[in-house]
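Asks: Below is the structure I would like to discuss, written out as structure tokens.
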Amino acid sequence: MPATKARPPKRPARSAPPARSVSKEQSLAFYRQMVFVRRFEERAARAYTEAKIGGYCHLNLGEEATVAGLIAAMAPDDYLFTNYREHGYALARGIAPERVMAELYGRSDGVSKGWGGSMHMFDLASRFMGGYGIVGGQLPLATGAALAIDYRDGGEAVVCLMGDGTTNIGAFHESLNLAALWGLPIVYVVVNNGLGMGTTVEQSSAEPELYKRAGSYRMASARVDGNDPAAVYDGMRTALLAARAGRPYLLETVSERLKGHSVVDPARYRSREEAEALKAADPIAAYAVKLHERGVLTDELIAEIDGEATAAVARAVEFAEGSPEPEVATLFDYTYATPVPNDSRRLPGGALFPGVPGVPG
């Protein structure tokens, strides 16, 4: 595939007010979270190339500021639905890195007991309601969860993450339409990295400023700078405030994807100039400079935070490598939440009708 023309730099041009300044403590917490997600994802990429992680693997490299800002704004009892690019959100939501890494390794101590892998983590305790491999598969489910909250007059909110490509499928429009009609407590978040796999937003969307699509449903919306965790945090707080009052909201965060769509994607659709521009615009490095100028970070503290993150990721890897493989007998244990009549438990290669002479059952 020939390289696409380099896209001009995105200008947030947000419709929401500028982000209010956050405290030094919160700024430092953002930075720590961003660095940890970066080191975790880099180690996950390495493990994939070593064939220790199988299946699909989509990383949050370049998205760390959005991860930190979004999750910091959520309340502990809010519900989070994500797509398949989920590792950083699972970590920021409070799931132990050991359990996340073990899930990537497909081990029984993983957050989904080794059966979910990279795209299908789930943890009810942190109200992390799963990653979904089908593009847009999470939208109707998240909307249904918001309806359940509204039905019982709950005070929680639902946050539903998606990529920019998801805004072109039917479930996006159906979900937003119902949420607006019924006044559901939900925030739809479009993480716009400019590419639906290898196709630019401008090439696939007649309206590339994706937050404007909410206007079709008379839904409030805003676009924020996804490379600034404070801007994301502030935008998310505004969105959640509206959602809790029965006014669903669409928040678009504009960031960049530093690598390919997945670990195995070499991103040859990018020009060399564009790839170099992405490296120069690394959100973690840019945020470190900003905090250094504010006196929040020092060179010594930057090194200390990086060392702590690297050590924590190493412990997660050690835990994952020491975790046992799941028992084959547990393969079907979580297919259904409750028993279902005639539930098939046939393993690959097993007989369709057990007991047939000469056919292994």
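Asks: Residues in the range 162-184 that are open to solvent by less than 10 Å² (accessible area, probe 1.4 Å), of a type in the set (A, V, I, L, M) and in contact with a Gly (Cβ under 9 Å, 6 or more places away or on another chain): how many?
Replies: Residues in the range 162-184 being open to solvent by less than 10 Å² (accessible area, probe 1.4 Å), of a type in the set (A, V, I, L, M) and in contact with a Gly (Cβ under 9 Å, 6 or more places away or on another chain): 2 in total.
Asks: So, in the range 113-145, how many residues would count as being assigned to a helix (DSSP H, G or I), open to solvent by less than 20 Å² (accessible area, probe 1.4 Å) and among the aliphatic types (A, V, I, L, M)?
Replies: Number of matching residues: 2.
Asks: For the condition more than 11 Å from the chain's Cα centre (by Cα) and within 23 Å of residue 289 (Cα to Cα), what is the one hit in 70, 28? Explain how you work it out, then say what you get.
Replies: On the way: 70 fails: more than 11 Å from the chain's Cα centre (by Cα).
One residue alone meets the criteria, 28.
Asks: State which residue pairs qualify: first residue free of Cβ contacts under 8 Å to residues at least 12 places away in the same chain and inside the range 288-313, second residue exposed (fewer than 11 other Cβ atoms within 10 Å of the Cβ) in any location, beta carbons under 9 Å apart, and separation of 6 or more residues or different chains.
Replies: As it stands, the answer is 292/299, since those pairs meet every condition given.
Asks: Evaluate the following for residue 148: is it at pLDDT 95 or above and crowded, with 18+ Cβ neighbours inside 10 Å?
Replies: So residue 148 does not fit the description; no.
Asks: On to the next question. Out of the helices (runs of 4 or more DSSP H) lying entirely within the range 255-354, which hold 3 or more residues that are modelled with pLDDT of 85 or more and under 24 Å from the mean Cα position of the chain (by Cα)?
Replies: Working: elements: 272-280, 283-293, 299-322.
Once the helices (runs of 4 or more DSSP H) in the range 255-354 are filtered for at least 3 residues that are modelled with pLDDT of 85 or more and under 24 Å from the mean Cα position of the chain (by Cα), what remains is 283-293, 299-322.
Asks: Test each condition in (1) within 20 Å of the chain's Cα centre (by Cα); (2) part of a helix (DSSP H, G or I); (3) of a type outside the set (Val, Ile, Thr); (4) crowded, with 19+ Cβ neighbours inside 10 Å for residue 214 and report the one that comes out false.
Replies: In the conditions (1) within 20 Å of the chain's Cα centre (by Cα); (2) part of a helix (DSSP H, G or I); (3) of a type outside the set (Val, Ile, Thr); (4) crowded, with 19+ Cβ neighbours inside 10 Å, residue 214 misses (1) alone.
Asks: Hey, another quick one. Under the condition of being under 26 Å from residue 209 (Cα atoms), surrounded by fewer than 15 Cβ atoms within 10 Å (Cβ to Cβ) and of a type in the set (Lys, Arg), which residue from the range 1-51 is modelled with the lowest pLDDT?
Replies: Here the residue is 11.
Asks: Could you check the range 151-161 and list, in sequence order, the residues that are surrounded by fewer than 16 Cβ atoms within 10 Å (Cβ to Cβ) and touching a residue at least 40 places away in the same chain (Cβ under 8 Å)?
Replies: If the condition is that a residue be surrounded by fewer than 16 Cβ atoms within 10 Å (Cβ to Cβ) and touching a residue at least 40 places away in the same chain (Cβ under 8 Å), then 155 is the only one that fits.
The values are calculated or read from the model by the stated rules, or taken from the named source; none is laboratory data. Owing to the predicted nature of the structure, the values given are computational and were not obtained by experimental measurement. Glycine also receives a Cβ, built like all others from the backbone with ideal geometry; neighbour counts cover every protein chain displayed. Just the protein is used for accessible areas: all its heavy atoms, side chains included, with ligands, DNA and RNA removed. Shrake-Rupley method; radii C 1.70, N 1.55, O 1.52, S 1.80 Å.
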